[in-house]
Amino acid sequence: MRWTLKEIPNSFVIQTLQTQLNIHPLIAVLLEQRGITTFDEARAFFRPSLNDLHDPYLMKDMDKAVSRIEKALENNERILVFGDYDVDGTTAVSLMASYLRSIGAEIDTYIPDRYAEGYGISFQGIDYASDNEFTLIIALDCGIKSADKIEYASKKEIDFIICDHHLPGNEIPNAVAVLDAKQTDCNYPYKELCGCGVGFKVIQALNEKRGYSIENLIPYLDLVATAIAADIVPITGENRTLAFYGLQVINSDPRPGLQALMQMYSLSEFSITDVVFKIAPKINAAGRIKHGNFAVKLLTEFDLEQAEKVAQEIDLFNSSRRELDQTITSEALLQIEELNEENASSTVVFDENWHKGVIGIVASRLIETYYRPTLVFTKSGDYLAASARSVKGFDVYEALEACSEHLIQFGGHMYAAGLTCLPENYQHFKTAFEAYVSQNIPEELKEPELEIDAMIDFEDLNEKNLRILKQFEPHGPENMTPVFLTPNVFDTGTGQTIGKDNEHLRLFIKQNNSQGFPAIAFKMGNQLEATRNLRLMNVAYSISENQWKGKTTLQIQIKDLQIN
């Protein structure tokens, strides 16, 4: 990897934080890097409070949304809670459905079929609402670009409340209420809520109207934290507060659906990373392999025995997803070799039999082998559909825009996108995409960058600093787990390879005569010989906790190493 040491922050701010908080310079540096420069900001960071959440009525149209829901309750109207099939969408639907049922609303839920309907609000879903006499649809994690669907619904005398967090297009849908902090005329102070987070602000507003305190909503925060983790939104501001308290619920009193998934692992405590890599993929697998309804059924089930049955089904879907992912990744890698494209600037592969539900995951997997912008195509009806993933610093959405003459449609953002094209245009697109990438990707983006927060010595990892570093959690975008660089360390002679095919490396490392630390280096088993005989090396690493047989121990997780 290409190592980049972050610039030394403002020394005056560092000294001020050091003095006011009585902390080590390292902690002050990490705070400044995260935009925390005052005592009060540091207090809010280390002591998140639900009382610091913003007034939900600051969000544009919140008063309209609450009034319309209250009207529906008074008139015993049927409400349809509609959401996307991914984790953010299904948790948002589960949150809204659970809360509305608790206050006496007559509701049903609707998740579109990933393959028959596609992403977002569908005409089919609106027809379902009309046929079943629903007069209000609350759409979560989608809808901001569905002006035509909202117009179609209004002709059927169905009102819409949109709760979205994606960037609006040129036309804002003519709904009863459009809740999206990214609207240019919305003055809500925090812009980075996920779809489930916007749903939470609605129930916060309804809860306030009923005269209850925010503590009344704590049981719903396990869903919000799961969505924040899975949707990879910034762990700053409100998201950090919601994730902090949501993780407490997950680890103390999770709803039966999450508990049923958690029981599949022998962990005493779940971190946000565990939610991302263990819980979220299972919830996602429902929509990828079968239907997102299974996820909502699981997350709204309040009988543990029933939840365990649904969780077992979802676990089977996830096993199928994993097998498909592995098989298709192997086939795609073989295709790259057979086409002699190992040295191309981009990866574009296609097979009509590949499962549409996993091509995004496969694109990410391929980047692990060939670090470059990647698209994986499969057949979808009369068209070809693809998922695109990019490397840090390269805008794949811009690249697709440059090649759009060969596409029917595309959408997404800098690092992930989806698209469709006619089969006869596949080769033209592939050629154009490769040409664009090769001409526009800077040389330094062709290898992964490892950003390092600070260079430290092992003696800096004392008990007090480690305790404070723990309080930087939960981690995520804009508050990533700190990565440190320590020079001239050595393995004490206990190095060994572990795992399937001996692919991982386990060491016990020291610097000078400092205390030593157990270390794990994933997928670096081939470095074992290079680390023998007390060879000095520089290590870039994060600090993690290893849970094994009920015991939790601190370990260094090596990201990369350089042999001196």
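The values are calculated or read from the model by the stated rules, or taken from the named source; none is laboratory data. It should be emphasised that the depicted structure is a prediction, and the values quoted were computed from it without experimental measurement. Cβ coordinates were reconstructed from backbone atoms using ideal geometry, including for glycine residues, and neighbour counts include every protein chain displayed. We work out accessible area using only protein heavy atoms, side chains counted, and drop any ligands, DNA or RNA first. Shrake-Rupley method; radii C 1.70, N 1.55, O 1.52, S 1.80 Å.
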Check: Can you pull out the residues in the stretch 196-231 that are aromatic (F, W, Y) and surrounded by fewer than 23 Cβ atoms within 10 Å (Cβ to Cβ)?
Finding: Y212
Next item on the list: Identify the residue in the stretch 152-190 that is in a loop (DSSP other than H, G, I, E, B) and hydrophobic (A, V, I, L, M, F, W, C) and, among all such residues, is farthest from G237 (Cα to Cα).
Entry: I158
Notebook entry, point to check: Would you say Y220 is among the aromatic types (F, W, Y) and touching a helix residue (DSSP H, G or I) at 6+ places or on another chain (Cβ under 7 Å)?
Noted result: yes
Notebook entry, point to check: If you go through the stretch 399-409 one residue at a time, how many are open to solvent by 30 Å² or more (accessible area, probe 1.4 Å) and within 21 Å of S438 (Cα to Cα)?
Noted result: 5
Item checked: Close pairs (7 angstrom Cβ cut-off, 6 or more residues apart or separate chains): under 14 Å from I441 (Cβ atoms) in the stretch 327-348, at pLDDT 95 or above and surrounded by fewer than 14 Cβ atoms within 10 Å (Cβ to Cβ) anywhere -> S345/S438
Item checked: Candidates L384, L445, L400, filtered to the one that is assigned to a strand (DSSP E or B) and of a type outside the set (S, T, Y) -> L384
Notebook entry, point to check: If you take the residues in the stretch 468-515 that are polar (S, T, N, Q) and assigned to a loop (DSSP other than H, G, I, E, B), which one is least open to solvent (accessible area, probe 1.4 Å)?
Noted result: S514
Checklist line | Hits in the stretch 454-464 - residues which are surrounded by 18 or more Cβ atoms within 10 Å (Cβ to Cβ) and either free of Cβ contacts under 8 Å to residues at least 40 places away in the same chain or outside any loop (DSSP other than H, G, I, E, B) (or both) | finding: A454, F458
Note to self: Checking the conditions here, which among Q18, Q33 is farther than 13 Å from Q471 by Cα and touching a His at 6+ places or on another chain (Cβ under 9 Å)?
What the structure shows: Q18
Item checked: Filter result for S252 (surrounded by fewer than 24 Cβ atoms within 10 Å (Cβ to Cβ) and either of a type in the set (V, I, T) or modelled with pLDDT of 95 or more (or both)) -> yes
Next item on the list: Restrict the check to the stretch 423-431 and report whether at least one residue is open to solvent by 70 Å² or more (accessible area, probe 1.4 Å) and touching a residue at least 40 places away in the same chain (Cβ under 8 Å).
Entry: no
Notebook entry, point to check: What are the pairs, 6+ residues apart or on separate chains, where a residue within the stretch 484-502 that is more than 11 Å from L528 (Cα to Cα) has its Cβ under 6 Å from a residue that is open to solvent by 40 Å² or more (accessible area, probe 1.4 Å) and of a type in the set (A, V, I, L, M, F, W, C)?
Noted result: L485/M455; N488/L536; F490/L534; F490/L536; T492/F508
Check: Out of (1) modelled with pLDDT of 95 or more; (2) in contact with a Pro (Cβ under 7 Å, 6 or more places away or on another chain); (3) in a loop (DSSP other than H, G, I, E, B), the odd one out for I144 is which?
Finding: (1)
Check: Quick one: which helices (runs of 4 or more DSSP H) sit completely within the stretch 262-376 and have at least 1 residues that are under 30 Å from G550 (Cβ atoms) and open to solvent by less than 60 Å² (accessible area, probe 1.4 Å)?
Finding: 280-285, 293-299, 304-338
